[in-house]
1. Got a sec? Which residues in the stretch 36-57 would a label at Ile25 touch, if it sits 7 Å along Cα→Cβ and we count backbone N under 16 Å?
2. At 7 Å along Cα-to-Cβ for each site, give me the label-to-label distance between Arg11 and Gln39 in nm.
3. Taking the Cβ of Phe42 as the center, what net charge do the other residues with Cβ under 10 Å away carry, scoring Lys and Arg +1 and Asp and Glu -1?
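Just so it is clear, none of the values below were taken in a lab; they were calculated from the coordinates. The structure displayed is predicted, hence computed values, not measured ones. Here the Cβ positions follow ideal geometry from the backbone for every residue, glycine too, while neighbour counts run over all protein chains shown.
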Amino acid sequence: MATSVEDSARRLIVEHGAGAVFAAIDRLNNSIDRADWEQRDFWAQVVHAIHDYERSGELPLPREPSARKAEKTDGN
């Protein structure tokens, strides 16, 4: 299943918060080590997108853990 650069950037930001760019760089470096140039280009774009989110101040924030817990107890 193909995923977009924006989706991957948002997912990493939600999952890793301030460490999202480091997670993306790790994936970028792994693709370079494997000589997978298509994935290298993809992860380089994800790193760029994360930086764009950081500069814009419009980071997609993870939901509060207490909100997720409340949903489970409410049956949602």
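1. Label zone hits: 43-55.
2. Label at Arg11, label at Gln39, 1.3 nm between them.
3. -1
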